[in-house]
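Take a look at the structure below.
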Amino acid sequence: MSSNQVIHALYDDDDTLLSAVKSIREKKHHIEEVYTPFPVHGLDKALGLADTRISIMAFIYGCIGFSVAILMMNYIMIEDWPQNIGGKPSFSYLENMPAFVPIMFELTVFFAAHLMVITFYLRSRLWPFKEAENPNPLTTDDKFLVEIELHDNEKELNALLKETGAIDITTIEKKSDHD
Amino acid sequence: MYTFTNKLRNFSIILMVVGFLGLVYGFLSSPDTVAEAQAMVADAHHGEGHGAEHGAAPHDTHNDHQSPSAHGEEHGEDHHGEHLLHQLQNKPWAALYVAAFFFMMIALGTLAFYAINRAAQAGWSPALFRVMEGITAYLLPGALIVFVILALSGMHFNHLFIWMDPEVVAHDKLIQGKVGFLNVPFFLARALFYIAGWATYRYFSRKFSLAQDQATDVSNHKKNFRISAAFLVFYIVTESMMSWDWVMSIDPHWFSTLFGWYVFASMFVSGITTIALIAIYLKSKGYLEKVNDSHIHDLGKFMFGISIFWTYLWFSQFMLIWYSNIPEEVTYFITRIEDYNLPFFGMLVMNFIFPLLILMNSDYKRLNYFIVMAGIVILLGHYIDVFNMIMPSAVGDQWFIGVPEIGGFLFFFGLFLLVVFKEISKAPLHAAGDPYMGESERFHY
């Protein structure tokens, strides 16, 4: 079977990579994955990936943090142990609200940032001590790798990739345990 | 090349005429005597007792310095009437001053934004330079009008700046201590110095910008870069001092060390919003074909970000004073919360909560009508912000957004449109010679 055969094309420049991705997609080849040493601006659009939804999650996480801050400060400062600070007795949340704004702000940011990172890790299936998935260690240095599925069209693809400026092209059998 | 249409010219002239009539009405209907003033208030409040309110603590400081007869305890009644008279006489002046300052502030904020783009050699914005240059054309006339109002205050035509009244200073230890800085000749000389500096930079920057269109090398661009960097240094000092002089000194007992930044944030966001609105207007008329959604998106990001920055500074100022609760400081906010409750908190909704929610989504910032809608609310919100800075010390609780206030706003709005669009029509909208123009044309997010 050829479906678990993939071709790895290596590039040494992000601009070359971007135009290569565009021309590969124009020829209707399916790009399985692209490995890059750093985020390449515009690559998601060139690959035709759906827009990220993490900003919506960020908003929701921020709202959770905001609510947690209000409930927490209301419990700590108003209900559980009201104190008279600077002539402002803590009997009402609303009247003491300006004092809690920095906490509300910080917890909003804290929740949004941390939960966003955790979400990103979960969606990318990353966790501590996980074995690296990138097929070529050069992609952690200065090379860019495009992985394309093969469907008995090795010759045609090889020619196309050469044309787009790939510096190295290898065909490999993919281990099937991944699927 | 943009042509200033007759329709728009007539519209701005009509605005000016209507606004002028409103201002004249405001001046004519202000009372001349104490009895008239009291009758006006009695009418407006249906005979409700007004004296009780005025006995409240935050007003005492104002009473002391706003009326020359304040130093006789036995003149209790007269003192109150005199104070009221001054407030009502100040009202049309304050309406004029707030509007004049607000539109001058838009031009000054735009000039700062323009200089930052020049000094940072920004690649995205050259497509918008001609719009910014058009808006900053209003700076010189606008600032000169503000200067004339300040000079008239110095000549005692009004009581906007109570420290200008020698009678008040004679009985006020705090103001006596500040006379070295707060005296009319030095005050006006400083004002001229600021205006001269801003206008000089604006003149040369515009000149180099136009010269660059025909140039074969980038020497004009480099000159513009250098003077912009120098201007920013000059600007951040003079803008801060301008805000102490022209706004903060209206309340000469009170001071805040971040007031300059606060006023800066307000003018910066107003300026950026105006750039976006005028760019969208010109685009809708078929001009500015190089300006794309990404440019508007970036302006939208600035509107969103600087609105939050403004709130941050506003809150930093408010919370420290609210928390420490020192009488001479906190009186500033007590007056605003008690007498200006709606504009004070309404401004927070308009300048913070509304743009925060409307402009948060990335896609909305690419929709012109969202930017226009948010922009109008932000501009009105910052008008109210200036209103809140000036009115409480000028007219106390006698404020109202009525004929003179709306008239002042419309008059300067008309003048602003007239000056800005006339300048925009004078040069090609496309700054063809700018070395970063290519980058700006290709700019996409």
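Brief remarks on what is shown
- Within the range B:156-175, the set of residues being touching a helix residue (DSSP H, G or I) at 6+ places or on another chain (Cβ under 6 Å) and either on the phi > 0 side of the Ramachandran plot or not aromatic (Phe, Trp, Tyr) (or both) comprises B:158, B:159, B:160, B:162, B:164, B:167, B:168, B:169, B:171, B:172, B:175.
- Residues satisfying the stated conditions in the range A:64-76, i.e. more than 14 Å from chain B (Cβ to nearest Cβ) and either touching a helix residue (DSSP H, G or I) at 6+ places or on another chain (Cβ under 8 Å) or among the charged types (D, E, K, R) (or both): A:64, A:65, A:68, A:69, A:70, A:72, A:73
- Verdict on residue B:433 being surrounded by 17 or more Cβ atoms within 10 Å (Cβ to Cβ) and under 20 Å from the mean Cα position of the chain (by Cα): no
- Scanning the range B:313-327 for residues that are at the interface with another protein chain (Cβ under 9 Å from one of its Cβ atoms), assigned to a helix (DSSP H, G or I) and surrounded by fewer than 17 Cβ atoms within 10 Å (Cβ to Cβ) returns B:319, B:323, B:324.
- Residue in the range B:364-377 that is among the basic types (Lys, Arg) and out of contact with any helix residue (DSSP H, G or I) (no Cβ under 7 Å at 6 or more places or on another chain) present: no
- Residues within the range A:23-34 that are touching a strand residue (DSSP E or B) at 6+ places or on another chain (Cβ under 8 Å) and assigned to a loop (DSSP other than H, G, I, E, B), tallied: 2
- So residue B:338, is it over 18 Å from the mean Cα position of the chain (by Cα), farther than 30 Å from residue B:123 by Cα, more than 14 Å from chain A (Cβ to nearest Cβ) and in contact (Cβ under 8 Å) with a residue 40 or more places away in the chain: yes
- The lone criterion from (1) more than 14 Å from every other protein chain (Cβ to nearest Cβ); (2) crowded, with 17+ Cβ neighbours inside 10 Å; (3) part of a helix (DSSP H, G or I); (4) of a type in the set (A, V, I, L, M) left unmet by residue A:104 is number (1).
- Flag: residue A:144 matches the condition of being in contact (Cβ under 8 Å) with a residue 60 or more places away in the chain, within 16 Å of residue A:33 (Cα to Cα), aromatic (Phe, Trp, Tyr) and surrounded by 12 or more Cβ atoms within 10 Å (Cβ to Cβ).
- Between B:288, B:357, the distinction of being within 13 Å of chain A (Cβ to nearest Cβ) and either within 19 Å of the chain's Cα centre (by Cα) or farther than 20 Å from residue B:101 by Cα (or both) belongs to B:357 only.
- Of all the numbered requirements in (1) modelled with pLDDT of 90 or more; (2) farther than 30 Å from residue A:36 by Cβ, residue A:114 misses one, and that requirement is (2).
- The number of residues in the range B:123-156 being surrounded by fewer than 17 Cβ atoms within 10 Å (Cβ to Cβ) and either in contact with an Asp or Glu (Cβ under 9 Å, 6 or more places away or on another chain) or within 18 Å of residue B:269 (Cα to Cα) (or both) comes to 2.
Okay, residues lined up against (1) in contact with a Leu (Cβ under 8 Å, 6 or more places away or on another chain); (2) surrounded by 21 or more Cβ atoms within 10 Å (Cβ to Cβ):
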site	(1), (2)
B:182	no, no
B:194	no, yes
B:204	no, no
B:212	no, yes
B:265	yes, yes
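- Filtered by the rule that a residue be assigned to a helix (DSSP H, G or I) and closer than 15 Å to residue B:441 by Cα, the range B:280-297 gives B:283, B:293, B:294, B:295, B:296, B:297.
- Residue check: residue A:55 meets all listed conditions (1) farther than 30 Å from residue B:326 by Cβ; (2) without any contact (Cβ under 8 Å) to a residue 24 or more places away in the chain; (3) in a helix (DSSP H, G or I); (4) more than 14 Å from every other protein chain (Cβ to nearest Cβ) but one, namely (4).
- Pairs are defined by a Cβ separation below 7 Å, a sequence spacing of at least 6 or placement on different chains, a first member in the range A:73-102 that is within 19 Å of residue B:321 (Cβ to Cβ), and a second member that is in a strand (DSSP E or B); the pairs so defined are A:96/A:88.
- Subset of the range B:396-414 that is touching a Phe, Trp or Tyr at 6+ places or on another chain (Cβ under 9 Å) and hydrophobic (A, V, I, L, M, F, W, C) - its residue that is surrounded by the fewest Cβ atoms within 10 Å (Cβ to Cβ): B:401
- Some residue of the range A:35-52 being surrounded by fewer than 14 Cβ atoms within 10 Å (Cβ to Cβ), among the aromatic types (Phe, Trp, Tyr) and in a helix (DSSP H, G or I): no
- Residue match in the range B:243-255 (condition: of a type outside the set (S, T, N, Q), within 19 Å of the chain's Cα centre (by Cα), away from chain A (no Cβ under 14 Å) and surrounded by fewer than 16 Cβ atoms within 10 Å (Cβ to Cβ)): yes
- Matching residues, the range B:297-312, being out of contact with any helix residue (DSSP H, G or I) (no Cβ under 6 Å at 6 or more places or on another chain) and away from chain A (no Cβ under 14 Å): B:298, B:305
- Only one entry in A:61, A:93 is of a type in the set (Ser, Thr, Tyr), surrounded by 14 or more Cβ atoms within 10 Å (Cβ to Cβ) and within 14 Å of chain B (Cβ to nearest Cβ), namely A:61.
- Hits in the range A:81-90 - residues which are surrounded by 15 or more Cβ atoms within 10 Å (Cβ to Cβ) and either away from chain B (no Cβ under 12 Å) or not basic (Lys, Arg) (or both): A:90
The values are calculated or read from the model by the stated rules, or taken from the named source; none is laboratory data. None of these values were measured; they are calculated from a predicted model. We place every Cβ from the backbone using ideal geometry, glycine too, and count neighbours over all the protein chains shown.
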